[in-house]
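A.B. asks: Can you keep this structure in mind? I'll have questions shortly.
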Amino acid sequence: MAALVLLRHGRRAHAHAHGLPLSRALCTTTAGIDSGATSASMAMRRLRREFDPDRAVAILETIDMSSISAGSTRNALSMAARRLLRAGRFGDAEALISSHLSACKDEPYLAAVLCSYASANLPEKALDAFRSTVPSLPTPISPQPFNALLSTFLRCGLHHRIPTLFAELSKEFSITPNDASYSVLVKSYCMTRNDAKAKQTLDQMREQGISPSTKTYTPLIDSMYKQKKTKEAELLWKEMVESGCKPDVAVYNVKVTYYGLQRKLEEVMQVMSEMEADGVKPDIITYNFLMSSYCKNGKLDDAKVVYDSLAEKGCSPNAFTYKYMLAALCASGDFDAGLGIFKESLKKNKVPGFSTVKGLVEGFVKGGRVAEAKMVIAEIHDKFPDNLSRWKKLEKELGLDSDSENTPCSDGTSGKIVAEAKSVPTDAEGVEGSAADETAVSEESSDDEAPVAGEVPRGPA
């Protein structure tokens with residue numbers, strides 16, 4: 001791979017000018033990384049645990065991309081790009097992804113690279129890459145890279161651009177859209193609240209001889225539930241089933257999400273019973289909303305039971321799981337259990353966001369447990385050294401920084417310390433949005449790439 005021009009501590013290291021491989025150009029930050037002795041699987045594991053951007057890129061350089069799948073290529077590139085992005089190194093993130101374009105000799109690899117641009121929030125660069133690279137691929141072009149590009153715009157929130165791109169690019173490059181392509185188009189209309197256009201797209205698919213699938217119906221059903229149009233959602237569900245589409249976990253999660261946000265625990269459990277009867281296995285998103293429903297109904301102990309049983313159910317907690325359980329435990333005053341959740345999230349590299357962990361720190365300070373508060377912050381400093389501005393501000397406010405002359409208050413008198421909540425946090429702090437939003441929350445703190453409900457899987461479609 002061509003060497004990249006990377007920023008390091010505010011200074012440019014022009015590796016390309018010297019013909020150096022990137023792993024050498026990163027100098028001391030890459031010390032101890034043996035490219036010759038690192039297998040692809042081992043490098044991927046190290047990459048998931050590495051949050052220093054330079055070392056993350058150096059680990060990426062040790063991976064022989066020809067030896068891994070397109071999906072793994074997408075994940076590896078996306079992880080390294082996110083490390084650079086979080087360090088404010090936007091140009092470096094772009095350069096990293098773009099350096100792989102010259103190796104795009106087939107559609108799966110190009111699709112993987114195009115999807116990686118979403119992790120750096122660079123949809124327009126993905127469009128440029130698509131236009132410049134597709135003509136060099138063997139014809140005819142399948143919908144695979146086309147779907148990857150549309151998904152990148154979807155993930156970057158540019159929903160309004162998708163209908164135009166769909167029409168223009170499919171014509172310009174003689175691409176015949178498939179079910180996955182139309183699924184993204186339907187999702188884009190739903191996200192802009194143009195439900196009429198979304199429904200018209202289903203008719204358009206049938207005219208093209210393409211039967212709408214469960215994946216196509218899911219975003220439309222989700223949109224109806226979000227607008228509290230339950231009758232319309234149920235009619236679409238019936239239409240989906242009668243057309244021969246079998247409900248999957250993603251569309252069931254749309255129902256679970258709706259009832260979970262309405263604090264309707266019994267309805268959530270009823271949907272899960274329907275899933276079981278239909279032979280659909282609940283996933284971590286399903287269980288997250290079950291746990292949140294328990295908490296919202298004052299049944300934290302039941303939520304704990306579900307959390308403790310996730311492994312035997314074949315589910316691994318994601319960042320949202322830790323986010324909500326930590327918030328709920330802190331709201332109930334159980335900071336010791338909250339600390340346990342925080343430590344586990346550290347081990348799994350799925351740490352909840354600032355506002356959630358802040359509640360744990362403030363709770364410890366309020367209770368006079370300054371050592372624990374400092375320990376949590378120290379772990380954050382160690383894990384995310386390039387993203388500490390809000391934490392340093394909080395340390396100063398709570399009197400935990402070394403320069404503070406004030407002793408941290410344990411009587412709740414500090415103006416910045418929030419009094420203990422007597423109930424589970426509101427949706428603004430806990431669950432909000434939809435199953436798709438829940439997945440998005442986990443992506444912020446996790447490198448596990450789970451498809452968003454109603455969206456084509458990332459990477460080759």
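The values are calculated or read from the model by the stated rules, or taken from the named source; none is laboratory data. Everything numeric here is computed off the predicted structure, so don't read it as measured data. Virtual Cβ from ideal backbone geometry, glycine too; neighbours counted across all protein chains shown. Accessible surface areas use protein heavy atoms only, side chains included; no ligands, DNA or RNA. Shrake-Rupley method; radii C 1.70, N 1.55, O 1.52, S 1.80 Å.
A.B. asks: Pairs of alpha-carbon atoms within less than 8 angstrom and 6+ residues apart define the contacts here; what relative contact order does segment 124-204 have, in percent?
C.D. replies: Relative CO of segment 124-204 lands at 28 percent.
A.B. asks: At 0.36 nm per residue, and after removing the present C-alpha to C-alpha distance, how many nm does the segment from K264 to E242 gain when stretched out fully?
C.D. replies: That works out to 5.2 nm of additional length.
A.B. asks: Give a residue-ordered list of calculated ³J(HN,Hα) values for segment 45-53 (Karplus: 6.51 cos²θ - 1.76 cosθ + 1.60, θ = phi - 60°; whole Hz; x for Gly, Pro).
C.D. replies: 5, 5, 5, 5, 8, 9, 10, 6, x
A.B. asks: I'd like the accessible area for C156: 1.4 Å probe, protein heavy atoms, all chains in place, Å² to the nearest 10.
C.D. replies: 30 Å²
A.B. asks: Mind giving me the FRET efficiency for R390 and L158? R0 is 25 Å, r the Cβ-Cβ distance, nearest 0.05 is fine. Write out the running numbers ahead of the final one.
C.D. replies: Numbers: r = 27 Å, r/R0 = 1.10.
Using R0 = 25 Å, I get an efficiency of 0.35.
A.B. asks: Using only the heavy atoms of the protein chains and a 1.4 Å probe, how would S181, S211 rank by accessible area, largest first? Please report the intermediate quantities before stating the final value.
C.D. replies: Details: S181 0, S211 95 Å².
Putting S181, S211 in descending order of accessible area: S211, S181.
A.B. asks: Between segment 109-182 and segment 243-287, what is the C-alpha centre distance in whole Å?
C.D. replies: Taking the Cα centre of segment 243-287 as reference, the centre of segment 109-182 is 31 Å away.
A.B. asks: For segment 197-352, give the percent of accessible area contributed by carbon and sulfur heavy atoms, probe 1.4 Å, rounded to a whole number.
C.D. replies: Carbon and sulfur atoms account for 46 percent of the accessible area of segment 197-352.
A.B. asks: I would also like to ask the following. Using +1 on the beta carbon of Lys and Arg, -1 on that of Asp and Glu, and nothing else charged, what's the dipole of segment 174-289 about the Cα centre, debye to 20?
C.D. replies: Result for segment 174-289 is approximately 440 debye, rounded to the nearest 20.
A.B. asks: What's the local net charge at V376, with K and R +1, D and E -1, over the other residues with C-beta under 12 Å away?
C.D. replies: Details: positive: K343, K358, R369, K374, K383; negative: E362, E372, E379, D382, E395.
Once positives and negatives cancel, what remains is 0.
A.B. asks: Another question, if that's okay. Evaluate the relative contact order of segment 49-144 (contact order divided by residue number), counting alpha-carbon pairs under 8 angstrom at least 6 apart; express in whole percent.
C.D. replies: Reported as a whole number, the value is 27 percent.
A.B. asks: For segment 391-400, in order, what is each residue's ³J(HN,Hα) by Karplus, 6.51 cos²θ - 1.76 cosθ + 1.60 with θ = phi - 60°, in whole Hz (x at glycine and Pro)?
C.D. replies: Ordered by residue, 3J(HN,Hα) equals 5, 5, 5, 5, 4, 5, 5, 8, x, 9 Hz.
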